[in-house]
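A short write-up of the structure that comes next.
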Amino acid sequence: MPPILRRPNRLTTAFLIFVLSGPLGLAAPLDDALNALMGGKVDATVNMLRDNTDAPSLVVLARAYVGQSLFVGSMTAKKKLYELSEAAGRRAVTADPRNAEAKTELAYALGLQLQGAGIVEATRTGLEVKRLFDDAVKLDPNTARAWVGLGTWNVQALSLGGLVRFATGASEADMRQDHRKAIQLQPNEVFFRLSYADSLLLLAKNDNRRAAGLKQEARSILQAALNLTPETYWQRYDQEAVRQRLKALGGS
């Protein structure tokens, strides 16, 4: 899920990039803002959309605020941008309660703010995040980014131990199914494979007995991600993260 770890880690960083991945089906006047976002020009996107009130614009604006967080150094500044993303996400849901992407953006923004949270807060807000992702895929089962969010939610909840696993109903089987669903929907999205691999690596970190096999599985998925042809700034960014993961695993 969106990060519910009590401290940032590699999966959290990758999650930030994921928020920016994946196409949005938008019509012209939003095309310029979306093109700017996909080109990594997050400040331009914010400037274009900050005064808009329609749900599609607010969805892109919420993503752009998260994009800005990647280019600031302090956690205080990052948290402020996460709060702005949450506000845009809530406005998008209010503007169109049946907009799956609006619920997805709000879920991401809430998850990002759980970095450093205690286990009680992480569990409580984590359940809200899951509900939003569940709502999104019910409204539109083709919302691939929501499926990735669910996959990440499951592994993050599992990483917090048996009590949280029991309280939330998280499972490895659901994690795998959710990630695979996203990849099936958008097989050329680099981040979807990167996210799946990171989920497996987090499982490996918490299960010494299965660690070698999980790492080998992650390596195979990362290699497949590296073989994709990136089309956006963020996909190129993601592939650099893929290379770093493979290097850490002893791959090419």
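The values are calculated or read from the model by the stated rules, or taken from the named source; none is laboratory data. For clarity, every value in this text was computed on a predicted model and none was experimentally measured. Cβ sites come from the backbone with ideal geometry, for glycine too, and all protein chains shown count toward neighbours. For the accessible areas, the whole protein counts, side chains as well, though only heavy atoms, and no ligand, DNA or RNA atoms are used. Shrake-Rupley method; radii C 1.70, N 1.55, O 1.52, S 1.80 Å.
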Exercise for the section: Please report, in debye to the nearest 20, how large the charge dipole of region 39-140 is about its Cα centre when each Lys and Arg carries +1 at its beta carbon and each Asp and Glu carries -1 there. Expected result: 200
Problem - Max mean-square fluctuation residue, GNM over the chain, Cα-Cα springs under 10 Å, options Val66, Val242, Val164 - result: Val164
Problem - Gain on full stretching of the segment that runs from Arg98 to Val72 - 0.36 nm per residue minus C-alpha separation - result: 6.1 nm
Fill in the blank from the handout: Expressed per residue, the solvent accessible area of region 39-140 in Å² (1.4 Å probe) is about 42
Fill in the blank from the handout: Computed over region 80-210, the relative contact order (Cα-Cα under 8 Å, seq sep at least six) in percent reads 19
Completion exercise
Options [x] 19.0; [y] 18.4; [z] 17.9 are given for Kirkwood radius over Cα pairs in Å, and the computed one is [z]
Problem - Per-residue ³J(HN,Hα) for region 117-134, Karplus 6.51 cos²θ - 1.76 cosθ + 1.60, θ = phi - 60°, Hz, x for Gly and Pro - result: 6, x, 5, 5, 5, 4, 5, 4, 5, x, 5, 5, 4, 4, 4, 5, 5, 4
Fill in the blank from the handout: Env charge @ Val72, Cβ radius under 14 Å, K,R +1 / D,E -1, value +1
Handout entry: Among Thr45, Thr125, Thr152, residue whose mean-square fluctuation peaks in a GNM of the chain (springs only between Cα atoms under 10 Å)
Key = Thr125
Problem - Additional length obtainable on full extension of the chain from Asn206 to Ala167, 0.36 nm per residue less Cα span - result: 12.2 nm
Exercise for the section: Label region 141-251 by shape, choosing from rounded, prolate and oblate, from the square roots a ≥ b ≥ c of the eigenvalues of the Cα gyration tensor; if a/c is under 1.5 it is rounded, and otherwise prolate applies when a/b is larger than b/c, oblate when it is not. Expected result: oblate
Fill in the blank from the handout: Ranked by GNM mean-square fluctuation in the chain (Cα springs under 10 Å), the top entry among Ala64, Ala167, Ala241 is Ala167
Fill in the blank from the handout: Only helices counted: for the chain, with every DSSP H run of 4 or more residues adding -39500 (n - 2.57) and the sum spread over all residues, [θ] at 222 nm is -23500 deg cm²/dmol
Handout entry: For region 32-56 versus region 139-153, the gap between their alpha-carbon centres in whole angstrom
Key = 23
Fill in the blank from the handout: Out of Leu201, Gln113, Val93 - ranked by how far each Cα lies towards the positive end of the dipole of the chain, with unit charges on the beta-carbon of charged residues - the top one is Leu201
Practice task
Might you report the magnitude of the Cβ-based charge dipole of the chain about its Cα centre, with Lys and Arg at +1 and Asp and Glu at -1, to the nearest 20 debye?
Solution key: 980
Exercise for the section: Return the subset of Lys79/Lys103; Lys130/Lys215; Lys78/Lys130; Lys181/Lys205; Lys138/Lys247; Lys41/Lys205 for which the Cα-Cα distance in this structure is over 31 Å, preserving the input order. Expected result: Lys138/Lys247; Lys41/Lys205
Problem - Length-normalised contact order for the chain - Cα pairs under 8 Å, 6+ apart - percent - result: 21
